[in-house]
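Working notes, structure below.
Coordinate-derived values only; no laboratory data. Note that the structure is predicted; figures quoted are calculated from it, not measured. Note that we place each Cβ from the backbone using ideal geometry, even for glycine, and neighbour counts take in every protein chain shown.
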Amino acid sequence: MHNAGGIKGHPTLADTLLMPSLPLENQHQSLDSENRWLRQKLHELTEEARLSEETFRRCHERELSLLDAEDLSHLLKALTSGLQQSFRLPAISLVLPDPDHELRHLLTVSGNSLDDRDRLLFVDGLTDFSPLYGNLRHSLLGPYQGVEHSRLFPGSNLIRSVAIMPLIRRQQLAGVLNLGSQDPTRFTRHHATDFLDRLATIGAVCLENATNREHLVISGLTDALTGMHNRRYLQKRLNEEIARCQRYNHPLSCLFIDADHFKRVNDLYGHAAGDLVLREISLRVLECLRASDVATRFGGEEFALLLPQTDSDEAFKIAERIRVHIADAPVSLDNGTELRVTVSIGISELEAGRCDDPGKLLLRNADTALYEAKRRGRNRAVRPDRNDG
């Protein structure tokens, strides 16, 4: 007869006392056996509770690392290298749809462009990149399949199990986070995905918020007419570039560009024509620059450029390229007029040694050189104390 109060496979204390005529020694052995079993069971439950608490703590720390990211760049680092370190994995990748290069543009404009091709992958379309992403709504765990998973972990070898985590926001797939382990039992179809799904959801929310914040920041650092950065952005980047060039002993040059006789354009053809000329000048300037260069509309018809890792000789070559490119073809106004436009350019290089405000001195020297270019007849590039043009 089954005793509901007993533990399966083990007699209760009452059962033991009611056992017919068992020798006392055998009764003691039975009690010892049950006590050992109970101690073992208690140890297993305690260890399970400890592991659950440890898992919860680690997941909480990972979530906080995403929520604490101060901008888009820091968030992407937290989602890639940060989580890779936290999970202690040999491979991780974050795949983000970016068909219009919006995210990459935001990173470039903020001066935080990331070069992490193995962990951060921008693609035109998620399903085009991997068919696995087609109906992905929850984390997918299982063994590594070379054909299906190789694209998810470029440059990584010896992966044996994977976790594919969809970043879903507003019922849309905003990206996919891929975890790769060398342990075939690390991610299996039998594992629960609650913690991973929650982490992915937080990642998706943080990604949307960081992108929106970046847009707001950039809108306050962008010139509405030309689409270039504005003077406020120049000051922000100037401090960063000076600190970088002083740390690594790199040169830094500055160009001041001013449209020649611009007042005549406004007086003869109107301010709409003047705006068109400024937009065309900005486009031609940008066509001559490198990805690392910083172009800003300083004010009015004047533009200021920062050229990192560039000495005055190389800056002069860039200035000449810009000057010739602007003067080479006329600007077509809306009334059909072909207007020839030229610019004057002043060049300066960050001076060695210490001063109270090296950035202010760099801009002042470029401005002085610009006025010298105007004095010498315009449509020329000039460096201080150099017989250029």
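Here the Gaussian network model covers the chain, with springs between Cα atoms less than 10 Å apart; of His191, His229, His215, His191 fluctuates the most. Note on Lys263: lysines with a C-alpha under 17 Å away, same-chain residues under 8 apart excluded, are Lys374. Max-minus-min Cα coordinates of the chain on each principal axis give 123, 50, 34 Å, with the largest extent listed first.
Pop the C-beta distance of Phe87 and Leu67 into the FRET formula with R0 = 22 Å and round what comes out to the nearest 0.05. With a Förster radius of 22 Å, E is 0.80. With a cut-off of 13 Å between beta carbons, the residues surrounding Asp124 carry a summed charge of -3, where Lys and Arg count +1 and Asp and Glu -1. In terms of its C-alpha gyration tensor, the range 231-382 has a prolate overall shape, because the principal axis ratio a/c (a ≥ b ≥ c, square roots of the eigenvalues) is not below 1.5 and a/b outweighs b/c.
I need the calculated FRET efficiency for the pair His190 and Ser292, taking r as the beta carbon distance and R₀ as 45 Å, to the nearest 0.05.
0.35
Full extension of the chain between Ala272 and Thr342 yields a length gain of 23.4 nm, computed as 0.36 nm times the residue separation minus the alpha carbon distance.
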